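Report on the following structure.
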Amino acid sequence: RDEFLDYKFRGENTTSGEWTVRAEALSMIEAIFNEPSSSGITTVLDQFFNSLQELSKATEDTVVTVKALVRQRGIALANTLSYTLSQFEKMQQDTDFEIRATINEINGYADQIAKLNEQIFKFELDGNKANDLRDQRNLLLDKLSELVHIEYHEDSQGKFHVLVSGKPLVSHLQAT
């Protein structure tokens, strides 16, 4: 494997993963706002303000009817805003759940990398090269790089380290 290409791929994989998550979040927001549509916030807000404008033009004969319309449109606006808020709260709960699941996935990869580090280290003590185990570790690093920006290196003693935001995620045999 070419270490430089691995490094470049993992950096771009992180960026790709980030933009995929952002696109999904924006897609959910777009669905919540439901614009443009006949039941979206813009339409309901326009209807409310139109009814207020009608109220300002109302005569003594029509003021009661127009007030009822303003009240009805105000209730519709409040209900639409309340529904939108509840959808955003649900989205936040779903996002929190996804974050917890992603953290568990990251921790799982870290544990697997630490176990592979131990196997690689033991196998290579007598001078052999553990290519299959290194390939498995590289695959885990690829998956991990899609979830979070990582830095990694193997020191002069053959100990492998993975850092996230400058903090150790895997220090040779230990995953934190």
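Computed from the coordinates by the stated procedures, all read-outs in this text should not be read as laboratory data. The model shown is predicted, which means the values in this text are computed figures rather than measured ones. Here the Cβ positions follow ideal geometry from the backbone for every residue, glycine too, while neighbour counts run over all protein chains shown.
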Compute the helix-to-body angle for 131-147: its Cα long axis versus the longest principal axis of the chain, expressed 0 to 90° and rounded to tens.
20 degrees
Name the residue farthest towards the positive end of the dipole of the chain from the options Val162, Val70, Thr95, assuming +1 on Cβ of Lys and Arg, -1 on Cβ of Asp and Glu, about the Cα centre.
Val70
Stretched out fully, how many nm does the piece from Thr102 to Lys167 gain, at 0.36 nm a residue minus the Cα gap?
21.6 nm
Hey, what number do you get for the chain at 222 nm if only DSSP H runs of n ≥ 4 count, each worth -39500 (n - 2.57), divided across all residues, to the nearest 500?
-26000 deg cm²/dmol
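Given contacts defined as C-alpha pairs under 8 Å and at least six residues apart, what's the relative contact order of the chain, whole-number percent?
Numbers: 147 pairs, mean separation 40.2, N = 176.
This gives 23 percent for the chain.
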Which angle from 0 to 90°, rounded to the nearest 10, does the C-alpha axis of helix 41-57 make with the longest principal axis of the chain?
20 degrees
Nearest-ten-degree value, helix 3-33 long axis tilted from longest Cα axis of the chain:
20 degrees
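With +1 on each Lys and Arg Cβ and -1 on each Asp and Glu Cβ, and nothing else charged, work out how big the dipole of the chain is about its Cα centre, in Debye to the nearest 20.
Computed charge dipole of the chain: roughly 360 debye.
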How many nm separate the modelled label positions at Met91 and Val64, each set 7 Å beyond the Cα in the direction of the Cβ?
4.4 nm
Filtered hits (lysines, Cα-Cα < 17 Å from Lys167, offset >= 8 within chain) -> Lys159
Mean Cβ count within 10 Å, highest first, over the residues of peptides 147-156, 33-42:
147-156, 33-42
If you build a Gaussian network model of the chain, linking Cα atoms that sit under 10 Å apart, which residue out of Arg134, Arg22, Arg71 swings the most?
Arg71
Answer label for Cα extents along the principal axes in Å (calculated), chosen among [x] 78, 35, 28; [y] 100, 26, 24; [z] 62, 40, 29:
[y]
